[in-house]
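Trainee: Take a look at this one; I'll ask things after.
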Amino acid sequence: MTYATVMVSLALDRSNDARLEIAGQLAKRFNACSIGIAAGEFSPPLYFTEGEQAQRVIDQGQAAIRRRMAEIEAQFRTAMLNRAAVVEWRCTEDFPARFIVQQARAADIIVVGASRADTLADPFVQANSSDLLMQTGRPLLVVPDAGDWLDLRSVLVAWKDTPECRRAVADALPILREAKNVIVVEIV
């Protein structure tokens, strides 16, 4: 068992360096294909006008999102250079969570950023990792913004004898095989 396709979800509103690095390491380690995805929706201001001025605001917002997606695509392709067997890019103007859930069927594992506890997430440009965990049906590797390498020296498995836990461990087997030490903990 291995990961043939590593998908990395990239954010429009913050740095993607950590998740790109981890996704690149996974793709190289498993000789996997890499799919980069990004989505964002223009969030109109709370105050709004009408007519031509409103359309100009909408057009400018949508253009800014498209420019940011182009920047992220270039960053993704550079990060995956000489790491992934095949590189693919997918993006759209949509809510990120909805797009990630839709695209998840193409991945064996999805690398996402950690949700920040100190700020409210803007659903127009960022998906909540907790929501993705429940909706994607795929294993997620949640990467903090400060992480820059995948440390597989020691892996901890929090075990509870449930179907969900068994599925999670089965999905993690490729990573568990690469780990030097695996510790299984059950809290009774």
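Trainee: What's log10 of I(q)/I(0) for the chain at q = 0.14, 0.15 Å⁻¹, Debye sum over Cα points only, no solvent?
Mentor: -0.80, -0.90
Trainee: Could you derive backbone 3J(HN,Hα) for segment 3-16 from the dihedral phi with the Karplus parameters 6.51, -1.76 and 1.60 (θ = phi - 60°), listing whole Hz in sequence and x where the residue is Gly or Pro?
Mentor: Using θ = phi - 60°, the values come out as 9, 8, 9, 9, 9, 10, 8, 10, 8, 8, 9, 7, 5, 10 Hz.
Trainee: Let me have the relative contact order for segment 1-113, percent, based on Cα pairs under 8 Å that are six or more residues apart.
Mentor: Reported relative contact order: 46 percent.
Trainee: How large is ³J(HN,Hα) for each residue in segment 149-154, as worked out from phi by the Karplus curve 6.51 cos²θ - 1.76 cosθ + 1.60 (θ = phi - 60°), to whole Hz, x for Gly and Pro?
Mentor: 7, 8, 8, 10, 5, 9
Trainee: Hey, in the GNM for the chain with a 10 angstrom Cα cutoff, which one of Pro139, Pro44, Pro96 fluctuates hardest?
Mentor: Pro44
Trainee: Moving to a separate point now. Gaussian network model of the chain, Cα springs within a sub-10 Å range: biggest mean-square fluctuation belongs to which of Ala63, Ala106, Ala114?
Mentor: Its mean-square fluctuation being the largest, the pick is Ala63.
Trainee: Which residue, Ile58, Phe30, Asn128, has the largest displacement toward the positive end of the dipole of the chain when charges sit on each Cβ (Lys, Arg +1; Asp, Glu -1)?
Mentor: So the residue we want is Phe30.
Every number here is computed from the coordinates shown, using simple stated rules; none is lab data. Note that this is a predicted model, so its numbers are computed, not measured. We place every Cβ from the backbone using ideal geometry, glycine too, and count neighbours over all the protein chains shown.
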